[in-house]
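Taken together, the values in this text are just the output of simple stated rules run on the coordinates, not laboratory data. These figures come from a predicted structure and were not determined experimentally. When we count neighbours, we look across all protein chains shown, and the Cβ atoms used for this are built from the backbone with ideal geometry, even at glycine.
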Amino acid sequence: MLLKFTTPDMLNTLLIDATTSRCAYEIVTATMPLSELVEPDTPLNSSAASGSSSSFASDSSKQQKPSPTAARLVQRRTTIKDSSGNIQVDIKWNGRHPDIFIGKEHVGGLTDLFGSSTIRFMPKILAVPTRFDTEFIWTSTADSLTLFDYDSETTKGTFHQNCIRIPTRVKLSKTSSPSKLNLSSPSCSKLSLPSSRVKLSSPSKLTLASPPSSPIDEPCNPPSITLSSSSPQTSSRSTFISTHIPGVGSNYLEFTPHPLAPDVEIILSFLMMEILRRGRFCLTPYTFDRPRMWQLKEARDLFMRRLRRNTV
């Protein structure tokens with residue numbers, strides 16, 4: 001499945017199916033009235049992904065009474081609807097703390113979504129397992145986010161960011177049977193007169209007698225035409241060209257469906273992983289407010305990083 005984000009704000013966008021060009025999902029995030037903060041188990045912040053083996057929720061933040069300023073945070077609600085308008089995912093945010101519902105199932109926080117309270121990563125790689133398959137691992141770096149299957153050693157999902165998509169068609173196979181044209185009809189196999197008997201009764205009289213049931217008198221069905229030709233089978237694929245410039249091009253999420261998880265759970269896991277990836281590798285963090293300013297800030301930060309890299 002290949003889904004296209006219509007806006008840079010991944011929590012306020014439409015997901016268009018690239019195959020049918022129809023809206024597959026709609027993601028909307030709205031601000032809710034202020035209320036008392038209920039401290040969840042798994043806050044979603046950059047400190048949740050630091051250290052060689054760290055927890056999503058820091059120990060210092062647990063069992064602490066919220067401060068007066070943190071007790072009243074902006075509450076938001078994110079919903080993911082399918083093409084029929086039914087809510088498939090409902091996320092309630094207390095600040096940056098998500099409480100996740102998938103369908104009628106109350107998943108909870110990030111530890112329940114990913115099925116692990118600790119994550120292990122190398123200095124340049126962040127790996128988080130999925131809850132529906134222990135062999136499916138979200139693998140992220142500073143420049144990429146993929147879903148990898150360690151059982152088959154294949155990539156099952158990829159995030160294409162700031163890319164230009166070029167659809168291509170690949171030939172799969174050809175039918176080896178040659179073309180065949182058949183114009184024969186079994187009911188018209190005989191069109192010649194049978195041998196007739198000639199009776200000469202007198203020199204001036206000639207009688208031509210034939211059998212009463214002659215094949216020429218039988219009804220003739222039209223000839224049947226059978227035409228079979230070889231035609232190659234094609235499969236549509238896509239080539240992505242990265243622009244490396246925020247806001248230039250589009251964002252795409254490409255993944256293979258899993259039999260043990262709905263597609264919307266894979267999409268939701270991707271959204272959470274992208275937020276964690278930005279916090280882990282000191283990228284421009286996702287902000288709920290003013291997504292256009294967030295995109296411009298991301299472009300500025302990317303330019304400054306490249307400038308420092310080239311001047312060192």
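Neighbour counts of other Cβ atoms within 10 Å put Ser116, Ser21, Ser144 in the fewest-to-most order Ser21, Ser144, Ser116. Rounded to the nearest Hz, the phi-derived 3J(HN,Hα) couplings of the range 158-166 under the Karplus curve 6.51 cos²θ - 1.76 cosθ + 1.60 (θ = phi - 60°) are 9, 9, 9, 10, 6, 10, 10, 8, 10, where x marks glycine and proline. 3J(HN,Hα) couplings calculated from phi for the range 255-271 with the Karplus curve 6.51 cos²θ - 1.76 cosθ + 1.60 (θ = phi - 60°) are, in sequence order, 8, 9, x, 10, x, 9, 9, x, 4, 5, 5, 5, 5, 4, 4, 4, 4 Hz; Gly and Pro show x.
For Gly103, the amide hydrogen comes within under 5 Å of the amide hydrogens of Val89, Asp90, counting only partners 5 or more places away or on other chains and with H modelled in the peptide plane.
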